[in-house]
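The structure appears below as structure tokens.
Since every read-out is calculated from the coordinates, none of them should be taken as a lab result. Worth saying up front: this structure is predicted, and the values here are computed from it rather than measured. All Cβ positions, glycine included, derive from the backbone under ideal geometry; neighbour counts span all protein chains shown.
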């Protein structure tokens, strides 16, 4: 890896800095210069982001400016009421969950929340849930099942928290129970991978009828650094690992793991959170409309078939 892994974004960041400096001026020359710089920014961002390597997409997926679950809640849902706690141990802030409305219709929203500044990152445990987070999510899923509410899940986590306390409280069991219970839900489950889809920590919210993935998100069984440490005995081989693991949205669409790729704004979802949400909305609407036509008993049956098809290949 290079000494500056985000070097590919430097020209974009420099143009944004110049535009920000000029934006406080109302002078005609400044306004004209802003328009010129914005045109350059759009062209460079489109060129850079249309040619990202799998490793660069991983870095983009980890960008702290990307929209998290609460950002999507603010732009896509109405009347959100957050529900806290798993009624067993405590409240895990790495997962947010609650009741809301989508296009006026009641629903359940569940997703990872990483945090942006240091204080919030610590509060959210860097988006790495503990068992109580997954049990809170399960509690909301069961609510959705009971009251016939579709469930929207947003995935963005490096993985489940591997700490001693989490293991003592049944981390693996909590994830396994979620997998089992999600497989049998008789309400629509729509999953969107918005950033990092890391291992079992992501899968615990990932058993859905429709799996969407933002254009520059990644979804993998292990991080590229972890894979490189195991296979190459060298974490610095993460670029090679990312390419070999097929973790990008395009790769996973070709492999049949996800259903649709959601385009992002020029320069990535972190460049314009409102636009990123607006681009996602019609995909959620279409998925919900299609799934709402199915009878409750059909949903787990079709979901089962969907996941059984994954990993089945024919020799040429």
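Structure notes:
- Between the beta carbons of residue 295 and residue 82, assuming R0 = 30 Å, the FRET efficiency works out to 0.45 to the nearest 0.05.
- Label point distance in nm, residue 244-residue 22, each placed 7 Å from Cα along Cα→Cβ: 4.6 nm
- Percent antiparallel among DSSP beta bridges (both partners in the chain, rounded to 5): 40 percent
- Candidates 176, 32, 274: whichever shows maximal mean-square fluctuation once the chain is modelled as a Gaussian network with Cα springs under 10 Å: 32
- If R0 equals 35 Å, the separation of the Cβ atoms of residue 121 and residue 183 corresponds to a calculated FRET efficiency of about 0.60.
- Three principal axis lengths of region 1-123 [C-alpha, angstrom, descending]: 58, 40, 28
- Degrees separating the helix 273-292 axis from the principal Cα axis of the chain, which is the longest one: 30 degrees
- Full extension of the chain between residue 14 and residue 142 gives 41.3 nm of extra length, using 0.36 nm per residue less the Cα-Cα distance.
- Rounded to 10°, Cα long-axis angle of helix 10-22 versus longest principal axis of the chain: 70 degrees
- Pair-distance profile P(r), taking every C-alpha pair of region 111-224, with 5 angstrom steps and integer %: 2, 13, 22, 25, 20, 12, 5, 1, 0
- Region 255-316, Cα convex hull volume normalised per residue, Å³: 126 Å³
- q = 0.18, 0.20, 0.22 Å⁻¹: log10 I(q)/I(0) that the Debye formula gives for region 184-313, counting C-alpha atoms only: -1.04, -1.19, -1.31
- Each residue in 105, 266 was given a count of other beta-carbon atoms within 10 angstrom of its own, and listing them fewest first yields 105, 266.
- Computed over region 57-309: relative contact order in percent, which uses C-alpha pairs under 8 Å that are six or more apart: 18 percent
- Theoretical gain in end-to-end length, residue 53 to residue 272 [0.36 nm per residue, Cα-Cα removed]: 76.7 nm
- Using every pair of separate Cα atoms, the Kirkwood estimate puts the hydrodynamic radius of region 231-290 at 13.9 angstrom.
- Cα centroid of region 204-252 to Cα centroid of region 94-171, whole Å: 21 Å
- Rg/Rh for the chain (Cα atoms only, Rh after Kirkwood) is 0.99.
- Modelled spin labels at residue 89 and residue 43, positioned 7 Å past Cα toward Cβ, are 5.5 nm from each other.
- Computed over the alpha-carbon atoms, region 11-51 gives an Rg to Rh ratio of 1.04, Rh here being the Kirkwood radius from the mean inverse distance.
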